[in-house]
Amino acid sequence: MYSLDTSFFMDWQARYYPLDLFVGLEHRIEHLIDHGECRAVELVREELNAVGTPDLRAWTAKHKSLFVSPSSVVQLDAAAIQSAYPDLMDPKGLQDSADAYVIALAKSAGGIVVSQETSADEKHRPTQSYYIADVCRSLGVPCVNLLGMMRREKWAF
């Protein structure tokens, strides 16, 4: 099961692979969603509603089954992750960040995080000590980006 981060959606639809040009990619992702192989926590939808394009918000509204409320296990894991990695949460954010929940969802399901974030080591001037990729590595949770997910699924276009 893939646990999808907000950055996955932003890079997929709003930046690099727009739906009008990459129809086949949309169908393959929808296939994963329909078969329960992709999930995102509700906080991701909230972030997308706040920062996503109108097209992306419309797409997420059509795919309500993708978004899940965090179970008690995911909530406990997310709280532990936020406590252990306080820099994961944006200090300027006014609400809970989805990051710890994205990781906790994958961890609880034995899944894989899909995020476009890179680790702090890969950034020229990181503003945080660690990002999703860093925390995943530390916790032993697999983490890939969209291209990595395409390769895992053996998609060719």
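The values are calculated or read from the model by the stated rules, or taken from the named source; none is laboratory data. Keep in mind that this is a model prediction, so the values were computed, not measured. Cβ atoms come from the backbone with ideal geometry, glycine included; neighbour counts cover every protein chain shown. Heads up: the accessible areas ignore ligands, DNA and RNA and are worked out on the full protein's heavy atoms, side chains in. Shrake-Rupley method; radii C 1.70, N 1.55, O 1.52, S 1.80 Å.
Below are the figures for this structure:
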| item | result |
| --- | --- |
| Count - residues of region 22-44 that are under 15 Å from residue 157 (Cα atoms) and open to solvent by less than 30 Å² (accessible area, probe 1.4 Å) | 3 |
| Selection within region 69-86 - under 17 Å from residue 5 (Cα atoms) and exposed (fewer than 12 other Cβ atoms within 10 Å of the Cβ) | 69 |
| Per-region count, region 129-157, residues small (Gly, Ala, Ser), touching a residue at least 12 places away in the same chain (Cβ under 8 Å) and in a loop (DSSP other than H, G, I, E, B) | 1 |
| Conditions (1) of a type in the set (A, V, I, L, M); (2) open to solvent by 60 Å² or more (accessible area, probe 1.4 Å); (3) not in a helix (DSSP H, G or I); number of the one not met by residue 19 | (2) |
| Helices (runs of 4 or more DSSP H) fully within region 33-128 counting 2 or more residues that are in contact (Cβ under 8 Å) with a residue 60 or more places away in the chain | 99-109 |
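Results for (1) in contact with a Lys or Arg (Cβ under 9 Å, 6 or more places away or on another chain); (2) closer than 20 Å to residue 32 by Cα; (3) surrounded by 14 or more Cβ atoms within 10 Å (Cβ to Cβ), shown as yes or no for each residue.
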residue: 63; (1), (2), (3): no, yes, yes
residue: 67; (1), (2), (3): yes, yes, yes
residue: 100; (1), (2), (3): no, no, yes
residue: 107; (1), (2), (3): no, yes, yes
residue: 120; (1), (2), (3): no, no, yes
residue: 125; (1), (2), (3): no, no, no
